[in-house]
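See structure below.
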Amino acid sequence: MTDDPLSRLRQSVGVSREFGQVCEAVAGEYIDAGTEPPFDIPSADFATDPWLGCADRYWRRRFLAEPTVEVAARCARWLIDHCQDQAVRTEIVEKWALGYAFITRDTVEPAADVTTATGRIVRDSAGSAEVAYFAALYHAGKLRADFWFEALDRFVSSSMLARASGPHRDGPLFTALSAFAACGMRDTSRGVALVEAAWTAEPRSREVTDICLHGLDVAGPFEGQGELLRRYATDTVAATPQAHLWWYRRARGERRCRDLDAALTSIETALTCLPAQGARNAHEHLQERYLRERDLIMTMMEGSQRWTAPGRRPAPRWVLPLAAAGVAVPIGGAVTVGLAVTSDLGDAIGRGALLTASLLASALVIAAVLRAARQLAP
């Protein structure tokens with residue numbers, strides 16, 4: 001490890017261009033040395049706190065190298081030792097556990113392996129409910145990210161690791177995860193009730209808000225779904241108007257309510273608020289989702305305006321029935337000719353002439369109907 005990495009972290013404060021690079025470089029040095037960061041975490045400011053920024057990158061590398069609940073438990077023990085402020089630690093726990101779960105979502109451990117690891121986690125942490133809680137959130141976050149609704153429901157409700165979380169199991173984040181699972185399983189009444197229970201918790205964290213809105217969004221269709229999603233997302237937008245994800249959820253609720261003008265405004269606001277900085281793949285992932293939603297909204301708007309654009313109006317209601325009546329005439333004539341398989345030649349010629357006359361008459365009727373409809377259009 002190069003000399004005095006802590007000094008380099010201190011010097012990166014306020015230098016936005018170098019901040020991330022310095023944090024990443026120092027984290028890599030700790031990884032290479034096989035040493036956990038020795039400093040304390042004073043805040044939950046991921047944007048400007050160099051100690052948190054470095055620790056975040058360090059543990060991100062650890063999880064990518066070994067994405068297991070036992071590494072999650074090790075991370076939780078380190079955080080307990082190096083962040084004394086309980087409120088700050090709680091915020092970091094939620095962001096880290098669910099964030100690291102998302103980036104390692106393709107490495108879900110089998111339930112049997114998690115059960116076996118739980119015994120070691122409880123033993124090594126002396127039964128710490130907070131350590132078990134972090135590890136449980138990490139595994140549950142993978143199940144949520146992969147939309148494994150049934151597995152998530154079982155894990156949160158009955159797994160040994162969830163039970164070892166003690167009082168944290170009754171907190172709003174576990175409630176939100178249960179709500180997400182229920183909504184995904186189309187257990188709508190239970191899911192909505194759990195969303196409402198988690199939503200009214202004070203203070204409601206960003207992660208709880210995210211999971212509740214996501215649950216309403218992925219739920220099977222139910223009456224009032226769009227309005228509920230729109231109402232909840234509107235509340236969050238009012239509180240944090242620069243949060244692009246809330247604008248995205250609001251747009252999806254408005255689209256379901258067929259409020260397409262408002263939905264287009266919301267999704268364009270989400271795209272505007274989406275920051276260019278951060279992990280490139282995460283930015284591109286969100287941008288693609290938002291652009292797909294905007295395309296869907298615009299397609300629906302074009303469809304709804306096709307027959308109601310300025311200068312046009314739908315054809316009168318009598319046009320289609322009258323045109324159908326005109327078509328019915330030659331059809332009747334054709335049936336008559338087709339049935340005359342035993343008629344003599346003269347009769348067949350006569351019926352052919354009749355059919356020709358019927359077709360001509362029908363064409364004239366349909367043309368007259370369409371001409372009248374065009375004349376009535378403004």
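The values are calculated or read from the model by the stated rules, or taken from the named source; none is laboratory data. Keep in mind that this is a model prediction, so the values were computed, not measured. Cβ atoms come from the backbone with ideal geometry, glycine included; neighbour counts cover every protein chain shown. Quick note on the areas: whole protein, heavy atoms, side chains included, nothing else; ligands and nucleic acids left out. Shrake-Rupley method; radii C 1.70, N 1.55, O 1.52, S 1.80 Å.
Kindly check whether there is at least one residue in the stretch 258-271 that is open to solvent by 70 Å² or more (accessible area, probe 1.4 Å) and either within 16 Å of the chain's Cα centre (by Cα) or at pLDDT below 95 (or both). Among the residues of the stretch 258-271, not one is open to solvent by 70 Å² or more (accessible area, probe 1.4 Å) and either within 16 Å of the chain's Cα centre (by Cα) or at pLDDT below 95 (or both), which makes the answer no. For the stretch 118-133, the set of residues classified as under 11 Å from Val69 (Cβ atoms) and surrounded by 21 or more Cβ atoms within 10 Å (Cβ to Cβ) consists of Thr118, Ile121, Val131, Ala132, listed by residue number. Which residues, taken from the stretch 78-105, are open to solvent by 50 Å² or more (accessible area, probe 1.4 Å) and either in a helix (DSSP H, G or I) or without any contact (Cβ under 8 Å) to a residue 40 or more places away in the chain (or both)? If the condition is that a residue be open to solvent by 50 Å² or more (accessible area, probe 1.4 Å) and either in a helix (DSSP H, G or I) or without any contact (Cβ under 8 Å) to a residue 40 or more places away in the chain (or both), then Asp81, Gln86, Ala87, Thr90, Glu91, Lys95, Phe102, Ile103 are the ones that fit. Taking the stretch 68-77 as the range and being open to solvent by 20 Å² or more (accessible area, probe 1.4 Å) and within 23 Å of Ile211 (Cβ to Cβ) as the test, only Thr68 passes.
Please indicate, with yes or no, whether at least one residue in the stretch 50-67 is on the phi > 0 side of the Ramachandran plot and either open to solvent by 20 Å² or more (accessible area, probe 1.4 Å) or part of a loop (DSSP other than H, G, I, E, B) (or both). No, every residue in the stretch 50-67 fails to be on the phi > 0 side of the Ramachandran plot and either open to solvent by 20 Å² or more (accessible area, probe 1.4 Å) or part of a loop (DSSP other than H, G, I, E, B) (or both). Within the set Asp45, Asp153, the sole residue that is open to solvent by less than 70 Å² (accessible area, probe 1.4 Å) and without any contact (Cβ under 8 Å) to a residue 12 or more places away in the chain turns out to be Asp45. From the list Arg204, Arg169, the one residue that fits, being crowded, with 17+ Cβ neighbours inside 10 Å and in a loop (DSSP other than H, G, I, E, B), is Arg204. In the stretch 135-150, the residues that are within 13 Å of Ser178 (Cα to Cα) never reach a residue that is open to solvent by 20 Å² or more (accessible area, probe 1.4 Å) and of a type in the set (D, E, K, R) with C-beta atoms less than 6 angstrom apart, at least six apart or across chains.
One residue stands out among those in the stretch 272-311 that are in a loop (DSSP other than H, G, I, E, B) and over 30 Å from Glu24 (Cβ atoms): the one that is modelled with the highest pLDDT, which is Arg306. Number of residues in the stretch 147-181 that are over 14 Å from Tyr133 (Cα atoms) and not hydroxyl-bearing (Ser, Thr, Tyr): the value is 12. Val108 fulfils the conditions (1) buried (at least 19 other Cβ atoms within 10 Å of the Cβ); (2) assigned to a loop (DSSP other than H, G, I, E, B) except for a single criterion, (1).
Out of Val93, Val114, I need the residue that is closer than 25 Å to Pro172 by Cβ and touching a Ser or Thr at 6+ places or on another chain (Cβ under 9 Å). Which one? Step by step, each of Val93, Val114 is checked, and only Val114 is closer than 25 Å to Pro172 by Cβ and touching a Ser or Thr at 6+ places or on another chain (Cβ under 9 Å).
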